[in-house]
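Chemist: Can you read through this structure? Questions will come right after.
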Amino acid sequence: MANRKVIAVFGATGSQGGSVAKALLESKHFAVRALTRDVTRPNALALQKLGAEVVKGDLNDKASVEAALKGAYGAFVVTNFWEHFSKDKEVCQGKMVADTAKHLGLKHVVYSGLENVERLSGGKLKVPHFDGKGEVEEYFWSIGVPMTSVRLAAYFENFLTTWKPWKAPDGDFYTLALPMGDVPMDGISVADVGAVVSSIFNSPEEFIGKAVGLSAEALTTQQYADVFSKSLGKEVRDAKITPEAYEKLGFPAAKELADMCRFYQMKPDRDVKLTHRLNPKVRSFSQFISENLGALKDL
Ligand SMILES: NC(=O)c1ccc[n+]([C@@H]2O[C@H](COP(=O)([O-])OP(=O)(O)OC[C@H]3O[C@@H](n4cnc5c(N)ncnc54)[C@H](OP(=O)(O)O)[C@@H]3O)[C@@H](O)[C@H]2O)c1
């Protein structure tokens, strides 16, 4: 253990970082240094039990990040837009980590990036939780940090929360409101991302300097609905909602998510084949739902 190279994992108490920390610990190729703002959190203590070193690291505190990255070989970096809903703040945090990684000479950073949709669409679409990550991706590469960006498809886990089927008010069926028209949307369980990232850390020569789109599979809204119907034994239909109607639903990120789906309809590059090569156990949506029926028991 003592002579294993250290990978610092941001967001280790959360979904992405937690998945990455667990996969790295299981593979035993690297030692894991898990970062959190609160080292007493149950998720942090659970990682410690699995063999991780848990240290304090706050993306709003450069000194803590510098101390946490010192001596590390590499880092997995994820920032959480949804904690503050600010593109500027997410860019500021990402660039600070990039500068620190450069200064300390890290050998491989895997950054959870996404496309700069605003730029790619010539300003027509605005998806701040993508746009800021796109800006940070470019910054990492522009200052010469050896970095791989992983651009995740939508989590399958979203279908247990934000995109859970709704009971139709006027019938004995449920509807799935995903403004994708007939275009397939890529998805992946965030729990399966860790093994992909672990494989990327094992092949730096293949992946440094690249952006890799991750997806378990791409299904149309009707196909997602069909999986629900089959697994739940209840009829779930595509609500056939348009992005225009979706953005009027009135919840805080409705406009942003409508623009995200408009962007998804342009089919950004998510590589199903490569994802399966990097994690042969990556689950299909059908497998994912059948393993998570407990979260849908109130339907
Ligand atoms: N949902 C999707 O479909 C999807 C798809 C692609 C990308 N994403 C992106 O994924 C990101 C969220 O990742 P997640 O799902 O893993 O989130 P999560 O489960 O909510 O976890 C958030 C993590 O971020 C850490 N964190 C937050 N603020 C921090 C700070 N100031 N300093 C240090 N650590 C901080 C938290 O650690 P502590 O609280 O322990 O400090 C926690 O571990 C978002 O930016 C989103 O855009 C989501």
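The values are calculated or read from the model by the stated rules, or taken from the named source; none is laboratory data. These numbers come from a predicted model, not from an experiment. As a convention, Cβ positions derive from the backbone with ideal geometry for all residues, glycine included, and neighbour counts pool all protein chains shown.
Chemist: Among (1) within 11 Å of the ligand (Cβ to nearest atom); (2) closer than 26 Å to residue 139 by Cα; (3) among the hydrophobic types (A, V, I, L, M, F, W, C); (4) surrounded by 15 or more Cβ atoms within 10 Å (Cβ to Cβ), there is one condition residue 85 misses while meeting the rest; what is its number?
Modeler: (4)
Chemist: Exactly one condition in (1) over 25 Å from residue 189 (Cα atoms); (2) within 15 Å of the ligand (Cβ to nearest atom); (3) part of a helix (DSSP H, G or I) is false for residue 23; which is it?
Modeler: (1)
Chemist: May I pose another question? Within the set of pairs 6+ apart or on separate chains, which have a first residue in the range 17-31 that is closer than 20 Å to residue 111 by Cβ and of a type in the set (D, E, K, R), a second that is at pLDDT 95 or above and within 16 Å of the ligand (Cβ to nearest atom), and C-beta atoms under 6 Å apart?
Modeler: Listed by first residue and then by second, the contacts come to 22/194.
Chemist: Also, quick follow-up: Which condition number does residue 96 fail, the rest of (1) assigned to a helix (DSSP H, G or I); (2) farther than 22 Å from residue 211 by Cβ; (3) not aromatic (Phe, Trp, Tyr) being met?
Modeler: Evaluating residue 96 over (1) assigned to a helix (DSSP H, G or I); (2) farther than 22 Å from residue 211 by Cβ; (3) not aromatic (Phe, Trp, Tyr) leaves (2) as the failure.
Chemist: Shifting gears a bit: Given the structure, is residue 270 in contact with a Gly (Cβ under 9 Å, 6 or more places away or on another chain) and either of a type in the set (Lys, Arg) or under 23 Å from residue 172 (Cβ atoms) (or both)?
Modeler: yes
Chemist: Please verify whether residue 71 is assigned to a loop (DSSP other than H, G, I, E, B), free of Cβ contacts under 8 Å to residues at least 40 places away in the same chain and either surrounded by 15 or more Cβ atoms within 10 Å (Cβ to Cβ) or away from the ligand (no atom under 11 Å from the Cβ) (or both), treating the condition exactly as stated.
Modeler: So residue 71 fails the test.
Chemist: Residue 249 versus (1) farther than 19 Å from residue 184 by Cα; (2) part of a helix (DSSP H, G or I): which is the lone unmet condition?
Modeler: Every condition holds for residue 249 apart from (2).
Chemist: Right, next: If residue 298 satisfies every condition in (1) without any contact (Cβ under 8 Å) to a residue 12 or more places away in the chain; (2) within 16 Å of residue 165 (Cα to Cα); (3) part of a helix (DSSP H, G or I) but one, which is the exception?
Modeler: (3)
Chemist: While we're here: So for the range 34-48 (the condition being crowded, with 22+ Cβ neighbours inside 10 Å, aliphatic (A, V, I, L, M), near the ligand (Cβ under 9 Å from one of its atoms) and closer than 24 Å to residue 128 by Cα), does at least one residue qualify?
Modeler: Scanning the range 34-48 turns up no residue that is crowded, with 22+ Cβ neighbours inside 10 Å, aliphatic (A, V, I, L, M), near the ligand (Cβ under 9 Å from one of its atoms) and closer than 24 Å to residue 128 by Cα.
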